[in-house]
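Below: one structure, written as structure tokens.
The values are calculated or read from the model by the stated rules, or taken from the named source; none is laboratory data. Everything quoted here is computed from the prediction, not taken from an experiment. Glycine gets a Cβ as well: all are built from the backbone with ideal geometry, and neighbour counts include every protein chain shown.
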Amino acid sequence: MMPLMVSRLRHLDPRRFLFEREVLGLMGLALLVKPIGLISQVLIARWFGAGVDLDAYTLAFFLVTFGDGTLVQVFKGSMAPFLIQRKRALERRRYDRYQNGVLALFMGSGTLWLLALALSAGLVVQIIGPGLPAVTSDLAVRMTVLMALPALLMCANNLGIAILDLHQHFRLGGTMPVLNAAVTLTALLLWHERLGIWALPLGFAISQALQWPLIHLRALLARALVPVRPQLARGDLRQIGDLAGLVLLGQVLLMINMFLDRWFATGLEPGSISSLAYAHVLVNFGLVLFSSSLVTVMYPRMSEAIAAGDLAGCSAYLRVNLARLAYLVVPAALAASLAAPEIVQVLFQRGAFDVSDTLRTGGVTTMYMLGLPAMIINLVVARTFHSLQLLREKVWLALQYLATNALLNFALIGVLQVKGLALATTVSINLHLLLSLWILHRRRSGLATAPLLAIVGRAYLMGGIAAAAVWLLPLQGVTDALRAAGLFGVVGAGALKVALVFGVYAALFGLWRWRRVAD
């Protein structure tokens, strides 16, 4: 009896569910970013609310980062596993020339995109925002043109970080968002009165200029980047084009999908685009936390294992980390969804951000948070496809995601307005994750994928039971009374919801682990 009890307790030891030290270090940096970023968002809400100026900046920022985001994701998705394979096959100097040739190719593409965007900003804004007020459209055009140059620096910076990650030098890439958040906050504090909303583009430009020498000096010192002449043969260009073309197509579909909500929101009440932006700030907390830590570390290591033929080791590594991830993000997202009205009220409701903005943004955040587990888990699943270079499958999955989201946006926007856009995204990403896991399993790549489906299904099942249990509790009267007591009462109402979700989920998880040992 005693040995069984000891075995059960060991299976419940929290240390079994912690990520490795390097991942935790990067998570710590990401957690440092968020308080700074949230302070900036609180100040933006206070000074600019959810109105015309912020709508224009949100649209312009999306446009200038669209190309960079697409380019860097194409580089990571197509070139990172391929470069790891080439590094194993080529002698060092030939590899350095090959890597520099790939970087030059991608940097040139980014330059052409930003130049075209700056020259045609008016037409682009008119196409993607035909229902925008004239003042919003004009301001968005001017911001897009002026932010194109610092966006070029951002492209170089992100490619440099991708190279550092490929060579498994992760720390500086995790530090740069801290610098960016600090510079943005400083720009807001110093210049919001004198420049208004233009303080944000200025902070963006200063941040990118500061990051450039830090990133590239670190890459040179680590010999992740060596100053030799780039060299690519014609056959190399064809091979790179084939790989990058597939990832580019999939990434463009995903980026269009990201913009769909904003495009639909241009025809809704003023402030709808800003409400989506504020909700994305909260949702992105989880996305950035894991994409800049767990996914950053896992991706090159999975690619290295697959390149070495160690599929069994890669399967075990993937299974352990996906389990840790799923059992954490499902209850966290459910708790955040239930507490979204209180979170939005505490963080943003002051100054120009009024009660109507809180109600609208809180509803949007509630819907988005329900899709957060699928968004985060899909980061790992997508990198598994890329490590295996299953690129055609990812294109079809991206098309499914876009088509599903577009159809659901049309269906839900009339009834739920901006909340319908968020709900459409949540349903679409969960279906996308399910299909991705099923295709990965059917592909028979050599990875053990059946346990991945079981892990995600179990985490969702326990999450559904926990949500139902909390929903059935008579909480409305208690939370209303707390909210009426002022700011601390609002915090208490949100904390109560979070504690209940985690409490029920932890009990279910502990019961499952206990019974598993007995079986």
Original post:
Going by the conditions given, is Thr384 within 17 Å of the chain's Cα centre (by Cα), over 24 Å from Gly463 (Cα atoms) and in contact (Cβ under 8 Å) with a residue 12 or more places away in the chain?
Top reply: yes
**OP:** Would you point out which residue out of Trp212, Trp198 is of a type outside the set (Gly, Ala, Ser), free of Cβ contacts under 8 Å to residues at least 60 places away in the same chain and surrounded by fewer than 18 Cβ atoms within 10 Å (Cβ to Cβ)?
**Re:** Trp212
Subject >> Output for segment 396-418, where each listed residue is modelled with pLDDT of 85 or more, buried (at least 19 other Cβ atoms within 10 Å of the Cβ) and either closer than 12 Å to Leu246 by Cα or of a type in the set (A, V, I, L, M) (or both) >> reply: Leu397, Ala398, Leu402, Leu408, Leu412
Original post:
Can we say Val297 is assigned to a helix (DSSP H, G or I), more than 26 Å from Thr361 (Cα to Cα) and either free of Cβ contacts under 8 Å to residues at least 24 places away in the same chain or assigned by TED's automatic domain parsing to the domain that holds Thr361 (or both)?
Top reply: yes
Original post:
Looking at segment 10-40, which of the residues that are at pLDDT below 75 and touching a helix residue (DSSP H, G or I) at 6+ places or on another chain (Cβ under 9 Å) is surrounded by the most Cβ atoms within 10 Å (Cβ to Cβ)?
Top reply: Phe17
Original post:
Would you pick out the residues in segment 240-263 that are more than 28 Å from Phe170 (Cα to Cα), of a type outside the set (A, V, I, L, M, F, W, C) and touching a residue at least 12 places away in the same chain (Cβ under 8 Å)?
Top reply: Asn257, Asp261, Arg262
Subject >> Scope segment 399-416; condition in contact (Cβ under 8 Å) with a residue 60 or more places away in the chain and either under 25 Å from Ser315 (Cβ atoms) or of a type in the set (Ser, Thr, Tyr) (or both); matching residues >> reply: Tyr401
Subject >> Criterion (buried (at least 21 other Cβ atoms within 10 Å of the Cβ), over 26 Å from Met298 (Cβ atoms) and modelled with pLDDT of 80 or more) met by exactly one of Phe75, Phe62, Phe48 >> reply: Phe48
Original post:
If only one of Ala506, Ala499, Ala481 is part of a helix (DSSP H, G or I), within 21 Å of Pro341 (Cα to Cα) and within 33 Å of the chain's Cα centre (by Cα), which one is it?
Top reply: Ala499
